[in-house]
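Below is one structure, written out as structure tokens; comments come after it.
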Amino acid sequence: MRKLFSAAIFGVTRKAAGKGHASSQYNLGVMYAKGQGVTQDFVQAHMWFNLAAAKGEETARKGLDLVAEEMTPAEIAEAQRLAREWRPKKP
């Protein structure tokens, strides 16, 4: 039941983050960083934290630092590339 709930929360959060909502982008970064409702992925976590931080979400900057400690320089570069190329989904 807990996995199903986590997956449902992930889906809702992903949809809002995809529309450009900074707090949802931060929350999605947390979910990827911790593997909540999704397979743990530091590259995706970094990308979402980066997007949220760019919109002024202060806590996302801390998330960036924490996940970067677990990543290789190549993984960080990939996450930064993904963030640069990301565009919000149209409603």
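The values are calculated or read from the model by the stated rules, or taken from the named source; none is laboratory data. These numbers come from a predicted model, not from an experiment. All Cβ positions, even for glycine, are placed from backbone atoms using ideal geometry, and neighbour counts span all protein chains on display.
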**Item:** Pairs where the first residue, in the range 18-36, is more than 19 Å from residue 56 (Cβ to Cβ) and the second is aromatic (Phe, Trp, Tyr) and outside any helix (DSSP H, G or I), C-beta under 7 Å, 6+ apart
**Value:** none
**Asked** Would you say residue 5 is modelled with pLDDT under 95 and among the hydrophobic types (A, V, I, L, M, F, W, C)?
**Response** yes
**Message:** Within the range 66-86, take every residue that is in a helix (DSSP H, G or I), in contact (Cβ under 8 Å) with a residue 12 or more places away in the chain and aliphatic (A, V, I, L, M) and give me the one that is farthest from residue 44 (Cα to Cα).
**Reply:** 66
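In the set 37, 20, which member is surrounded by fewer than 17 Cβ atoms within 10 Å (Cβ to Cβ) and modelled with pLDDT under 95?
Numbers: 37 fails: surrounded by fewer than 17 Cβ atoms within 10 Å (Cβ to Cβ).
After ruling out the rest, the residue left standing is 20.
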**Item:** Criterion: exposed (fewer than 14 other Cβ atoms within 10 Å of the Cβ) and either at negative phi or not in a helix (DSSP H, G or I) (or both) - qualifying residue of 52, 7
**Value:** 7
**Whichever residue in the range 70-91 is modelled with pLDDT of 95 or more, of a type in the set (D, E, K, R) and under 17 Å from residue 18 (Cβ atoms) and, among such residues, is surrounded by the fewest Cβ atoms within 10 Å (Cβ to Cβ)** = 85
